Amino acid sequence: MRKGWIVGGALVGGGLAFVMLLVVGVYLVAGNLVGGMAAGGRALAKGAVPAAYQQLVQKWGNLCPALSPALLAAQLYQESGWNPRVVSPADARGIAQFIPSTWATHGIDGNGDGKRDIWDPNDAIPSAASYDCELAKYVKDVPGNVSDNMLAAYNAGAYRVIQAGGVPAISETRNYVQRIRSLAESFAAPPTRLDPTRQAAGAIDFAQKKLGTPYLWGGEGTAAQGGRFDCSGLTQAAYRSVGISLPRVANDQYNAGPHPSRSQLLPGDLVFFSHDPNDSRAIHHVGIYVGGGYMIDAPRTGAVIRFDPIDGADYFGATRVTEDGAKALPTSV
């Protein structure tokens, strides 16, 4: 729950021109910030993978050069949304969405308990990584990017990738490869400062114009709701106004792009707050960063859309919204 009311003054009155000046200024200041980097490679972003699966994804995502923890995380999120009990209409089962016939030949005993259980993430996640790497071996001599070819083989079969000499001209397969590759960026810690976009300034401008609007739980700003919003309804509408579609709830919005560290924040980044510092699924609040340690947010029932400080015990992290990242998010499981 955010506390305090910060008088907007010039920020509100100046409109988009002021916001653009603010954004450009912060971009220049932030140009050389590279804090939070892991030496020798990219780690998983904080909390992007549920804590129960973090070590599994980190370990098995390094099984072969064509795979990475972020790529494996993106596949699992796309396939099941981290739901270990989900069943698809095609009878694909569990967190990795194996069809039973595929599981029979490619499922492994990942935790060494003597069983291969399609429903157990301790078996299914290692099996997904193992299957990916097996496919990568099949297509290693195919021209093009080996990870792209591996993903294409996962979707369409290795024979089609070999026959096509790369990702086959199948719209579903090409979309699958693009979606996983884009979504993987949201699961990886950023290697350096990320390029800003003018869309961020437009999203801030939209939120500015809603300052003082009363909060409404479940609010999406419709006429029937009196133009009121809740926290994720506001961020969704702000980015929709600049052509980017976000999921409805805050803990899904967290995966809509890469995750800058606290020192790398730029105006337009979404900032998140969680009941659990290690779990993005426990996120309960989101706002739009505007610089100087403040955000615009819709805090709670009885409050209005306002400026609030972002630093607090429940600060979780941030997402730099990108069009590709948002498009990669599944709309349903």
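The values are calculated or read from the model by the stated rules, or taken from the named source; none is laboratory data. These numbers were taken from a predicted model, which means no experiment stands behind them. FYI the Cβ positions are ideal-geometry reconstructions off the backbone, even for glycines, and counts take in every protein chain you see. Heavy atoms of the whole protein, side chains included, go into the accessibility calculation; ligands, DNA and RNA do not. Shrake-Rupley method; radii C 1.70, N 1.55, O 1.52, S 1.80 Å.
Data overview
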{"read-out": "Test: residue in the stretch 241-263 that is of a type in the set (Gly, Ala, Ser), in contact (Cβ under 8 Å) with a residue 24 or more places away in the chain and touching a Cys at 6+ places or on another chain (Cβ under 8 Å)", "value": "yes"}
{"read-out": "Of the criteria (1) within 27 Å of the chain's Cα centre (by Cα); (2) open to solvent by 40 Å² or more (accessible area, probe 1.4 Å), which one GLN163 fails", "value": "(1)"}
{"read-out": "Residue match in the stretch 82-90 (condition: charged (D, E, K, R) and farther than 19 Å from VAL161 by Cβ)", "value": "yes"}
{"read-out": "Selection from the stretch 242-271 of residues that are among the charged types (D, E, K, R) and within 18 Å of TRP82 (Cβ to Cβ)", "value": "ARG248, ASP252"}
{"read-out": "Residue tally, condition within 19 Å of ALA45 (Cα to Cα) and in contact (Cβ under 8 Å) with a residue 60 or more places away in the chain, over the stretch 288-322", "value": "6"}
{"read-out": "Lone qualifier among ALA43, ALA30, ALA73 - being at pLDDT 85 or above and open to solvent by less than 60 Å² (accessible area, probe 1.4 Å)", "value": "ALA73"}
{"read-out": "Residue within the stretch 134-157 that is open to solvent by less than 60 Å² (accessible area, probe 1.4 Å) and at positive phi present", "value": "yes"}
{"read-out": "Residue pairs meeting the criteria (Cβ under 7 Å; at least 6 apart or on separate chains; first farther than 23 Å from VAL142 by Cα, in the stretch 66-87; second charged (D, E, K, R) and assigned to a helix (DSSP H, G or I))", "value": "GLN78/ARG179"}
{"read-out": "Selected residue [over 16 Å from VAL177 (Cα atoms), open to solvent by 40 Å² or more (accessible area, probe 1.4 Å), touching a residue at least 24 places away in the same chain (Cβ under 8 Å) and more than 18 Å from the chain's Cα centre (by Cα)] from TRP103, TRP119", "value": "TRP119"}
{"read-out": "Residues of the stretch 306-325 that turn out to be aliphatic (A, V, I, L, M) and surrounded by fewer than 23 Cβ atoms within 10 Å (Cβ to Cβ), as a count", "value": "2"}
{"read-out": "All positions within the stretch 208-235 that are under 19 Å from LEU265 (Cα atoms) and at pLDDT below 95", "value": "GLN208"}
{"read-out": "Where THR222 falls short, out of the listed (1) farther than 23 Å from GLY287 by Cβ; (2) without any contact (Cβ under 8 Å) to a residue 12 or more places away in the chain", "value": "(1)"}
